[in-house]
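Okay, so here's the structure we're looking at.
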Amino acid sequence: MLGALNRHGIRAVHATGSKSFTLTLRDNVEKVNRRAARSFSYFNSYTHATPHDIDVLICDEAHRLRETSDRRRHFDGPRQGRPQVQELIEAAAVPVFLLDEHQLVRRGEVGSVRLIHDAANDMGVKVQQIDLRHQFRCGGCPEYVTWVEQLLGLGWEHGPQPWRPLETFELYVARTPAGMEDFLRAKQDEGRTARMAAGFCWPWSDPLADGTLVEDVQIGDWRRPWNSRAEREKNGVPPSSLWATHPAGFGQVGCIYTAQGFEYDYAGVIFGEDLVWRGEGWQANRQANKDSQVNGAPRFGELVRNTYRVLATRGMSGAVLFSKDPETNHMFERLGIPLLSGRGSRGWR
């Protein structure tokens, strides 16, 4: 959309609330056209914008809108300033909001269809709502996305459903994280892209002085580092914003902050103990979650289920699920998901 509009002489700008997403877009575009990289901005960049200075403002991942663009709190009270959604609506002749309400994963994110409608109505702006029924994600396979949402109890009457094999998407369950990693490495060796990501259930250390990453994610004798928290590449380790696209990102475990907004061919998803299956339903455990931005949120259970929904839908061709909690992993197997046995495989293609 951005490219098509600019080619027709319409001044269009892309905005998002994701640092990783924006920096990755800029990094890729700068290789071709340095000036074009200026077309990528952040939601909080329009506090003092001239009204309607932009023809079209594409607000991508608008579920990540904040209440205001002011990061400060005054006298321990709420943030001050105009609503961020109003700033964005006023900044362009035509603001476009793209959002998925099942991707709300952090405390403080308020983007919703209702929020945009209410703000526009208050400003006397007409809204045209377009529901996108088709997608490229997950092999263009809406059946898989629906299955994940049912699995996690998000917006569907029925809960987890038996897995039915699909022609355009592969799904497996691993009994060990090592088995998952071996499968994904084999895909990498075939020339595909693959990443492992996990719920935020382990501490996240800063890199050592030489850039070496601490192996924080530990499950039995399997240990791997989170992706780097650094802003720059060091000794071949990519910065956090480029984990999903840099070739050296494989072998590190990404989290929601570095995976959201990106796709790769095969997604490995490690469920931590912040979301476990007990009896006939999910139980969310704040104590197992290490993310201070989430574990204190009033809607913790919804946010953590949304997090795993995002991680499980990053794969374009396939996904592998693994839960540190044995009962939860056994539930995956009972749904009929093909099993990767130990460090070997069954059903590999």
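Some points to look at:
- If you filter region 1-46 down to residues that are part of a loop (DSSP other than H, G, I, E, B) and modelled with pLDDT under 75, you find that the one that is least open to solvent (accessible area, probe 1.4 Å) is ASN33.
- Among the residues of region 325-343, some residue qualifies, meaning at least one is polar (S, T, N, Q), part of a helix (DSSP H, G or I) and in contact (Cβ under 8 Å) with a residue 40 or more places away in the chain.
- First in region 151-179 and free of Cβ contacts under 8 Å to residues at least 40 places away in the same chain, second anywhere and polar (S, T, N, Q) and open to solvent by 20 Å² or more (accessible area, probe 1.4 Å), Cβ under 7 Å, 6 or more apart: TRP156/GLN150; HIS158/GLN150
- Qualifying strands (runs of 3 or more DSSP E) (wholly inside region 185-237; at least 2 residues being open to solvent by 50 Å² or more (accessible area, probe 1.4 Å)): 222-224
- Only one of the numbered conditions (1) in contact with a Gly (Cβ under 7 Å, 6 or more places away or on another chain); (2) of a type in the set (Asp, Glu); (3) assigned to a loop (DSSP other than H, G, I, E, B) is not met by GLU149, and that is (3).
- Members of region 126-148 that are open to solvent by less than 20 Å² (accessible area, probe 1.4 Å) and either out of contact with any Pro (no Cβ under 9 Å at 6 or more places or on another chain) or under 17 Å from LEU339 (Cα atoms) (or both): CYS138, CYS141, TYR144, VAL145, VAL148
One line per residue, one yes/no per condition, for (1) touching a residue at least 40 places away in the same chain (Cβ under 8 Å); (2) β-branched (Val, Ile, Thr):
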site: GLY236; (1), (2): no, no
site: ALA248; (1), (2): no, no
site: VAL253; (1), (2): yes, yes
site: TYR257; (1), (2): yes, no
site: PHE262; (1), (2): yes, no
site: TYR266; (1), (2): yes, no
site: VAL269; (1), (2): yes, yes
site: GLU273; (1), (2): yes, no
site: GLN283; (1), (2): no, no
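- Failed criterion for GLU181 (all others in (1) open to solvent by 30 Å² or more (accessible area, probe 1.4 Å); (2) within 13 Å of VAL253 (Cα to Cα) hold): (1)
- If you filter region 164-178 down to residues that are within 21 Å of GLN252 (Cα to Cα) and hydroxyl-bearing (Ser, Thr, Tyr), you find that the one that is most open to solvent (accessible area, probe 1.4 Å) is THR176.
- The lone criterion from (1) modelled with pLDDT under 90; (2) within 24 Å of LEU99 (Cα to Cα) left unmet by ALA198 is number (1).
- Single unsatisfied condition, ALA178 versus (1) touching a helix residue (DSSP H, G or I) at 6+ places or on another chain (Cβ under 8 Å); (2) part of a helix (DSSP H, G or I): (1)
- Single residue of region 238-263 satisfying the filter (among the aromatic types (Phe, Trp, Tyr) and either over 12 Å from the mean Cα position of the chain (by Cα) or assigned to a loop (DSSP other than H, G, I, E, B) (or both)) that is surrounded by the most Cβ atoms within 10 Å (Cβ to Cβ): TRP243
- Residue count, region 289-324 (criterion: part of a helix (DSSP H, G or I) and under 14 Å from the mean Cα position of the chain (by Cα)): 10
- Beta carbons closer than 8 Å, at least 6 apart along the sequence or on distinct chains, pair a first residue in region 4-29 that is within 21 Å of ARG64 (Cβ to Cβ) with a second that is charged (D, E, K, R) and surrounded by fewer than 17 Cβ atoms within 10 Å (Cβ to Cβ) for ALA12/ASP55.
- When ALA284, ALA319, ALA297 are screened for being surrounded by fewer than 22 Cβ atoms within 10 Å (Cβ to Cβ) and at pLDDT 95 or above, only ALA284 passes.
The values are calculated or read from the model by the stated rules, or taken from the named source; none is laboratory data. All of these numbers come straight from a predicted model, not from anything done at the bench. Cβ: placed from backbone, ideal geometry, glycine included. Neighbour counts: every protein chain shown. Surface accessibility is based on the protein's heavy atoms, side chains included, excluding ligands, DNA and RNA. Shrake-Rupley method; radii C 1.70, N 1.55, O 1.52, S 1.80 Å.
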